[in-house]
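Peer 1: Have a look at this one before I ask anything.
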Amino acid sequence: MEKKSNDKVRSARKTEQTPYTYSFWSIFTDTFGIILKTLIIVVLLVGVVVGCLGLGMVVGWIQTAEQITAEQLEINTNLTTFIYDNQENVIAKLTGSDNINREQIGYDKIPLVLEHAIVSIEDERFYEHKGFDLIRIAGSVYSLIVNRGEIYQGGSTLTQQVYKNYTDRFEQTFERKIQELYNSIIMEMRWDKKTILTAYANIVNMGNGCYGFQSASKLYFGKDLSEVTLAEAAFLAGIPNAPTLYDPYTEEGYENTITRMKNILDKMLELGYISEETHSEVRGTRVVIKPKEDTIQATATTTYFVDQVISDVIDMLVQEKNVTRSIAELWVYNNGYHIYTTLDSKIQAKMDEVFNDPAYFPTVDSVGDTMNKTAAKYGELPQAAMVIIDQTTGKLLAMYGGGGEKTGSKTLNRATQTFRQPGSSLKPIAIYGPALELELITAATVFDDVPVYLDPKNPDEIYPTNYISGDYVGLVSIRYAIKSSINVVAARVWSELLGRDNSVAFLDRVGIQRGDVIYDDSTVSTATGGLEKGVNPYLMANAFATFANKGVYIKAYTFTEVKNHRDEVVLKVQPKYDTVYRSQTAFILTDILQEVTKTWAPHYHHTGTAFPIVSIQDGLIPVAGKTGTTSDYLDKWFCGYTPYYTGAVWYGYDNRIAPIKLAKGVYRNVDGSYIWDGEYNQALKIWDAVMDKVHEDLAPAEFEKPTTGIVEREICIYSGKVPTDLCYQDPRYPNNTDATIVEYFLEGTEPSYFDTCEVHQTATVCTSSTDPYGRYLLATDDCPPETIMTIVGIVRPEPYVPYIPDPEEKLDEDEIGLYPIITEDMAWDIQVGEYCTVHGMPPDGDPSIIVELDPETGQPLVPTPPPSETPLIP
C-alpha cells in the first residue's frame, strides 16, 4: 500500500504547478535545446534567404553568359580570303596555311591515335558525358591531394575547355565556372562530339605562339598532323595542360613533356586504346624535336599595309562580334572574307620605290667613310617609316614600316607599332594649334627669346635651350618662332598661357591619348616634344591631317568593308568625325606652317627648318609642315601636308642594344655643289621624294581660305601691333619694309588701329661710346657733333642683360653653348638710361648713372651676374 501511494504521489506531481527544481544537467539540456532550436530556425531562414539570393545570382550569371555560336565553331579549310585595294584590285590572298601559327583542320584530318591520346588525358568519359563530368571533378581534387599539389589531370571536360578557350575566360571565379558548366551542357545539346573535339584541336594553346595541333605538328616535328606517330601524338596531347611547363624547346620542358607522354600512354593502355605490346614498344621513345629555323614555313610576304589591314579587321571583329582575338584571326584566314581596303596602289608603289632605294638609307658618306660608327658597332641599319592619308576622308592610302625591302609577314611595322619621341613636330598639335584656337595667342603675338629657367627641379639652370644652345633671337612673333622652331617660345606658351590640361585635351581629340603621362603644368618638356610615351607616323599623320581638313579630325582607317563568302556584310567602317578647330584657326596655322618650307625670314637662320629640301613641283604646290628632332638626336621627323594629302615620316635606328645618335655630318662639295653629308636631313629627303612622286601629275592648288571669320592686318613683327613710320625705318633691312607684314587674325583678335608699335623708337647716340655688347650709348650735351647720330632701334618691353662669362673663366663641357650669342637683334637695342661714358655728364647732370670705367682697360664696368641671377622675362 505504501508503494502504490508513493507512485500516485509522483504521478500527481507531474501536473502540479509548483516551482521547478533545477539541476546542472537539466539546465544544460534545456539551454542547449533552446539554442539548437534557435540555430536550426536561423540556419533554415538564412538558407532560404541565401538560397533565393544564390539562385537569383546563378540565374543572373547564366543569363549574362557568353554563348558559343555556330559561326565560331564553323571550320572552313578550303576558303580563301581576298584583300582588295581602293579600285577593287586583289592585293593579297589569305588561306589557313598562311596563318602558320593558327592553321585549322577538319575532323577528318585528326589522326585516331591523337584523338585517343587527347581523350585519355583530358576527358576519358568524353563520349558518355553531357558536358561536364562529376567523377572527373572529384578525381581532379583527389589527384591534387595525392600528388601534393601537382596537377596530373584537370577537372574540366573537353567541352568546358572549348568554351573557356573560345570565350577567353580563364579567371578562377564561381561566376565563370557556373557559366562554363551551363554552356557546356548547351554545347553538347547543339553539336556532336566530332565538332567539339575538332574545335578543341584547333583552338588550344600549344606553346611558342602556336595554337592548334596542326600548327604544333608542323612547328615541332616539321610534318603534317596526319603523319604523326603514336608517340608524337601522345607528346602533343600533353602540351595544352601547361604550355610553358611543357615547352619542347627547353631542356626541362622537353623532359617534362616526355614524362607526361608516358603518363598518357599508360592511360591509353588502361582505357584499351593501345595494346600491351604497343605500349611497351612506344613508351621509351625519345620524340625528336626539330629546330625552329628548320620548321617555320616560308609564306607569301605580305606588305606593311596588308599586315595592318589584317590587324585592324581582327580588332574590329573582336569589338563588334564579341569574340576572342584568336577566333577573329581564324575567321580572317579561314572564312573566305572579302576585305575592301583604302589602299591607293599607285601611291603605295611610289612610296615603295623610295623606301627600297638604298640612297635614302646611307651607311657610308660621299667619300666612302662609315656614316654612323655607333650603328656599325652594334650592327644596326637606318630605319624609317611613313604614312600618307587622304585628309578629306580619313582613308589611309599608303604605308611603309621600315628601311629597305620587306622580307617577311607580320614583321615590325614602325609606322604603327613603335613609339618614338616626336621632338618639335609635336608643337603645332600640342601647343600652337590649341593656343590659337583658345585665342591665347595670335600669329603676331611677340615673345622675347632669351634664356629662361622653366625646370622646377633645377631652377638655377637655363631650360629649355634652343636647337642651337646659346642662340637666342630676342623679340620674335609666333609665326617666326614656329618657322625657326624656337623652343623657348613654345615652352613659354605652354607654361604661361596654355597649361597641361588644355594641351592634353587637344591631343586627345586628335587621337594621341597622353593624359596619363603628361602629369602637370611643370612638364615643360612636352613643349619640346618630350613624351614619356612617344608617337608614330600613323598618329602624327592623323593629327596633322586635322589642320589640312579645316580643323576636322577623322580617325584614319585602312578598310571600308568586309563581306563573307556569301556576300553578306560582316563589318562596315563608319568614319568618326570631330571638329577640333575652327576652319579659320586651321587656315592660319596652315599659313604659318608653310613658312617652315620657305627661305625668307627676318631673324634666326633666315630660312624655315625644312628649306630647301621640301618643295613639291618647285613650289607650285604648297607644303605646310613641321620638322622634329629629339634633344638626343635619336629621332628625326617631318610631318606635312599639301592641299591633296598628309604624310608623316620618322627616321632613326631601332636602338636594340644601345641608343644610336644620328650622324650630324658636314657640308661637302660634291660635283661642284655643297651638300649636307649626314643623316640629319633624311626624314625630309624621304618625305619630299615620296610626295614629289605622288603629286607629279596633280594640278597646282592652294589651301582654301575661309570666306569669313579672318581679318588681315599689317603689323610690326617686333611688337605684333600696327606699325608706325619708325617700323619702316628699321636699319636691319635694306628695303626698309621687312619689319612689317600683313598678318592673318581670327576676327576679334586683331590689334586695333590705335594699338600701335611702341618697340621701334628713335634715340640720339654717341658713336664713340658703346656698352660691352657693342650697343651705342645715349649722347650727352658734351658729345662732339661728329660723334652724334640719330638711330631707329628697339626698346624691349622688359630689359634684358645677357650674361657673358669672363674670357679667363674656364667652362665645364656641359656649360659650353649655354650662354646667349649677341644677335643682330640685340645689337640694335636702345639702352634707355645709359649715356656716353667718354664725353662727360649726362643731360640731367646726375653722375650716378655714369658707368664706371675699368682703370686698366678703360672699358665700362657692367655687372655680370651669374646665370642664376639672370632676369627671367615674365
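Peer 1: If you take the residues in region 745-762 that are in a strand (DSSP E or B), open to solvent by less than 50 Å² (accessible area, probe 1.4 Å) and in contact (Cβ under 8 Å) with a residue 60 or more places away in the chain, which one is farthest from residue 709 (Cα to Cα)?
Peer 2: 745
Peer 1: To continue, here is another question. Return the residues of region 180-201 that are in a helix (DSSP H, G or I), open to solvent by 40 Å² or more (accessible area, probe 1.4 Å) and not hydroxyl-bearing (Ser, Thr, Tyr); say none if nothing qualifies.
Peer 2: Residues satisfying the conditions are 181, 185, 189, 190, 193, 194.
Peer 1: Can I ask one more? Confirm whether residue 578 is open to solvent by 30 Å² or more (accessible area, probe 1.4 Å) and either among the polar types (S, T, N, Q) or not in a loop (DSSP other than H, G, I, E, B) (or both).
Peer 2: yes
Peer 1: So is residue 267 basic (Lys, Arg), out of contact with any Leu (no Cβ under 9 Å at 6 or more places or on another chain) and closer than 30 Å to residue 119 by Cα or not?
Peer 2: yes
Peer 1: Quick check: anything in region 545-562 under 26 Å from residue 315 (Cα atoms), aromatic (Phe, Trp, Tyr) and open to solvent by less than 20 Å² (accessible area, probe 1.4 Å)?
Peer 2: Within region 545-562, one or more residues are under 26 Å from residue 315 (Cα atoms), aromatic (Phe, Trp, Tyr) and open to solvent by less than 20 Å² (accessible area, probe 1.4 Å).
Peer 1: If I ask for residues that are touching a strand residue (DSSP E or B) at 6+ places or on another chain (Cβ under 6 Å) and either more than 24 Å from residue 434 (Cα to Cα) or among the basic types (Lys, Arg) (or both), which ones from region 552-598 would you list?
Peer 2: Once the filter is applied, which keeps residues that are touching a strand residue (DSSP E or B) at 6+ places or on another chain (Cβ under 6 Å) and either more than 24 Å from residue 434 (Cα to Cα) or among the basic types (Lys, Arg) (or both), region 552-598 yields 558, 559, 560, 561, 562, 563, 564, 569, 570, 571, 572, 573.
Peer 1: Looking at region 563-576, can you tell me whether even one residue there is over 26 Å from residue 333 (Cα atoms) and not acidic (Asp, Glu)?
Peer 2: The answer is yes; a qualifying residue exists.
Peer 1: Also: So, residue 387, is that one closer than 30 Å to residue 660 by Cα, of a type in the set (A, V, I, L, M, F, W, C), touching a residue at least 24 places away in the same chain (Cβ under 8 Å) and in a loop (DSSP other than H, G, I, E, B) or not?
Peer 2: No; evaluated as a whole, the condition is false for this residue.
Peer 1: Name the residues in region 706-744 that are of a type in the set (Val, Ile, Thr), part of a loop (DSSP other than H, G, I, E, B) and more than 30 Å from residue 831 (Cα to Cα), would you?
Peer 2: 707, 708
Peer 1: Among the candidates 573, 504, single out the residue that is within 24 Å of residue 84 (Cβ to Cβ), out of contact with any helix residue (DSSP H, G or I) (no Cβ under 7 Å at 6 or more places or on another chain) and either open to solvent by 10 Å² or more (accessible area, probe 1.4 Å) or touching a residue at least 60 places away in the same chain (Cβ under 8 Å) (or both).
Peer 2: Sole residue among the options that is within 24 Å of residue 84 (Cβ to Cβ), out of contact with any helix residue (DSSP H, G or I) (no Cβ under 7 Å at 6 or more places or on another chain) and either open to solvent by 10 Å² or more (accessible area, probe 1.4 Å) or touching a residue at least 60 places away in the same chain (Cβ under 8 Å) (or both): 573.
Peer 1: Given the condition within 24 Å of residue 111 (Cβ to Cβ), touching a helix residue (DSSP H, G or I) at 6+ places or on another chain (Cβ under 6 Å), part of a loop (DSSP other than H, G, I, E, B) and modelled with pLDDT of 85 or more, answer yes or no: does some residue in region 229-246 qualify?
Peer 2: Yes; the residues of region 229-246 include at least one that is within 24 Å of residue 111 (Cβ to Cβ), touching a helix residue (DSSP H, G or I) at 6+ places or on another chain (Cβ under 6 Å), part of a loop (DSSP other than H, G, I, E, B) and modelled with pLDDT of 85 or more.
Peer 1: Let me ask something else. When you check residue 844 against the structure, is it in a loop (DSSP other than H, G, I, E, B), over 48 Å from the mean Cα position of the chain (by Cα) and modelled with pLDDT of 80 or more, yes or no?
Peer 2: No.
Peer 1: While we're looking at this one, here's another question. Return the residues of region 363-411 that are modelled with pLDDT of 95 or more, closer than 30 Å to residue 546 by Cβ and either surrounded by fewer than 21 Cβ atoms within 10 Å (Cβ to Cβ) or not hydrophobic (A, V, I, L, M, F, W, C) (or both); say none if nothing qualifies.
Peer 2: Residues satisfying the conditions are 382, 383, 390, 391, 392, 393, 394, 395, 400, 401, 402, 403.
Peer 1: Follow-up. If you scan region 207-239, which residues turn out to be buried (at least 24 other Cβ atoms within 10 Å of the Cβ), closer than 16 Å to residue 103 by Cα and without any contact (Cβ under 8 Å) to a residue 60 or more places away in the chain?
Peer 2: Correct list: 216, 217.
Peer 1: Then there's this: Restricting to region 337-348, count the residues that are assigned to a loop (DSSP other than H, G, I, E, B) and either touching a strand residue (DSSP E or B) at 6+ places or on another chain (Cβ under 6 Å) or open to solvent by 50 Å² or more (accessible area, probe 1.4 Å) (or both).
Peer 2: Result for region 337-348: 3.
Peer 1: If you scan region 349-374, which residues turn out to be out of contact with any helix residue (DSSP H, G or I) (no Cβ under 6 Å at 6 or more places or on another chain), within 16 Å of residue 399 (Cα to Cα) and in a helix (DSSP H, G or I)?
Peer 2: Selection gives 349, 352, 353, 355.
Peer 1: List the number of the failed condition for residue 824; all other conditions in (1) under 23 Å from residue 448 (Cβ atoms); (2) at pLDDT 85 or above hold.
Peer 2: Unmet for residue 824, out of (1) under 23 Å from residue 448 (Cβ atoms); (2) at pLDDT 85 or above: (2).
Peer 1: Give just the number: which of (1) modelled with pLDDT under 95; (2) open to solvent by 30 Å² or more (accessible area, probe 1.4 Å); (3) within 22 Å of residue 436 (Cα to Cα) does residue 529 not satisfy?
Peer 2: (2)
Peer 1: Okay, next question. Just to be sure I understand, how many residues within region 415-440 are surrounded by fewer than 24 Cβ atoms within 10 Å (Cβ to Cβ) and either touching a Pro at 6+ places or on another chain (Cβ under 6 Å) or in a loop (DSSP other than H, G, I, E, B) (or both)?
Peer 2: 7
Peer 1: Could you check region 621-704 for strands (runs of 3 or more DSSP E) lying wholly inside it with 1 or more residues that are small (Gly, Ala, Ser), buried (at least 24 other Cβ atoms within 10 Å of the Cβ) and in contact (Cβ under 8 Å) with a residue 12 or more places away in the chain?
Peer 2: Of the strands (runs of 3 or more DSSP E) lying wholly inside region 621-704, those with at least 1 residues that are small (Gly, Ala, Ser), buried (at least 24 other Cβ atoms within 10 Å of the Cβ) and in contact (Cβ under 8 Å) with a residue 12 or more places away in the chain span 624-629, 635-641, 646-652.
Peer 1: Going through region 769-793 one residue at a time, which ones are touching a Gly at 6+ places or on another chain (Cβ under 9 Å) and open to solvent by 30 Å² or more (accessible area, probe 1.4 Å)?
Peer 2: Passing the criteria: 776, 781, 782.
The values are calculated or read from the model by the stated rules, or taken from the named source; none is laboratory data. What you are looking at is a predicted structure, and each value in this text was computed from that prediction instead of being measured. Methodologically, a virtual Cβ is constructed for each residue, glycine included, from the backbone with ideal geometry; neighbour enumeration extends over all protein chains shown. SASA here: full protein model, heavy atoms, side chains in, ligands and nucleic acids out. Shrake-Rupley method; radii C 1.70, N 1.55, O 1.52, S 1.80 Å.
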